[in-house]
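A short write-up of the structure that comes next.
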């Protein structure tokens, strides 16, 4: 039986390209059956539906990998029959009735004051605070590009709740970022513990571990592929 296709799901303030370094590391391991979904970040329902459509297009088995808010998306979208497992990368893993916003309020992250809504309802990371907030372990140049190209979500998306968490039905893996300024490490530890994940690793990394620690993230994905 062939190994699952890896479907990478990004989070808030970025797009599919945030997975660039992980994609390269997976390819070096010979894992080339990889796709990266581009989310609209307009609502959990919209983002989960976009992910479901990509999973359905694969046809065969799929391993879903979510970063940040992408963890909420794979939690909502991951109950499709061909999804074999879920990998959370410094990500939300809400339970039924929980939202990313409610979880965030339990342990407000360091960078919470650096978020700024605009007049259209989108929520941004202040550009001059992006490096220290999102990716303090990347270079200033990399942070500048991420800040300028950030993909802001509709702020209302933070309040969207999970219906039937896929992690209650599928095996899961979790990577905690111990220096995360966007999702409090205490929240990540709580969520990873209740998943009863097959493996939890902790990296001395920022929220952008998918970029700063791509080798370790790719190794966890490889392990989850079996």
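Across the range 54-133, the mean sequence separation of Cα contacts (distance under 8 Å, 6 or more residues apart), normalised by length, yields a relative contact order of 22 percent.
When the chain is treated as a Gaussian network with alpha carbon springs shorter than 10 Å, the biggest mean-square fluctuation among 85, 159, 30 belongs to 30.
Defining a contact as two alpha carbons under 8 Å apart and six or more residues distant in sequence, what relative contact order in percent does the range 160-226 show?
On the way: 68 pairs, mean separation 22.9, N = 67.
34 percent.
Below 8 Å, C-alpha to C-alpha, sequence gap of six or more: please give me the relative contact order for the chain in percent.
Values: 492 pairs, mean separation 57.0, N = 226.
Averaging sequence separation for qualifying contacts and normalising by length gives 25 percent for the chain.
Residue separation times 0.36 nm, minus the C-alpha to C-alpha distance between residue 189 and residue 29: what's the value? Let's see the in-between values first.
Details: separation 160, 0.36 × 160 = 57.60 nm, distance 2.85 nm.
So the extension gain works out to 54.8 nm.
Counted by neighbouring Cβ atoms within 10 Å, the residues 88, 69 run from fewest to most as 69, 88. Cβ crowding within 10 Å, taken as a proxy for footprinting-reagent exposure, orders 52, 28, 213 from fewest neighbours to most as 28, 52, 213. Would you mind getting the Kirkwood hydrodynamic radius of the range 1-65 from its Cα pairs, rounded to one decimal in Å? For the range 1-65, inverting the mean 1/r across all distinct Cα pairs yields 12.4 Å. Counting every other Cβ atom within 10 Å of each residue's Cβ, 146, 190, 54 order from fewest to most as 190, 54, 146.
Using only Cα atoms, tell me the angle between helix 214-225 and the longest principal axis of the chain; keep it within 0 to 90° and round to the nearest 10. On a 0 to 90 degree scale, this one is about 30. Between 0 and 90 degrees, rounded to the nearest ten: what's the tilt of helix 185-195 against the longest Cα principal axis of the chain? Approximately 20 degrees, to the nearest ten.
Percent antiparallel among DSSP beta bridges with both residues in the range 5-225, to the nearest 5?
On the way: 4 of 29 bridges.
Taking every DSSP beta bridge with both residues in the range 5-225, the antiparallel ones total about 15 percent.
Largest GNM mean-square fluctuation across 77, 91, 27, computed for the chain with C-alpha springs under 10 Å, falls on 27.
Across all directions, the average flat footprint of the convex hull enclosing the Cα atoms of the range 103-226 is 8.4 nm².
What's the angle, to the nearest 10 degrees (0 to 90), between helix 44-58's Cα axis and the longest principal axis of the chain? Compared with the principal axis, the helix lies near 30 degrees. Note on the chain: with a GNM built from Cα contacts shorter than 10 Å, the maximum mean-square fluctuation among 166, 56, 81 falls on 81.
Please state the shape class of the range 5-225: rounded when a/c is under 1.5, otherwise prolate if a/b exceeds b/c and oblate if not, all from the C-alpha gyration tensor. Judged from the Cα gyration tensor, the range 5-225 comes out rounded (a/c under 1.5).
The numbers here are math on the coordinates, done by the rules we state, and not lab data. Please read all numbers here as calculations on a predicted model, not as lab measurements. Cβ atoms come from the backbone with ideal geometry, glycine included; neighbour counts cover every protein chain shown.
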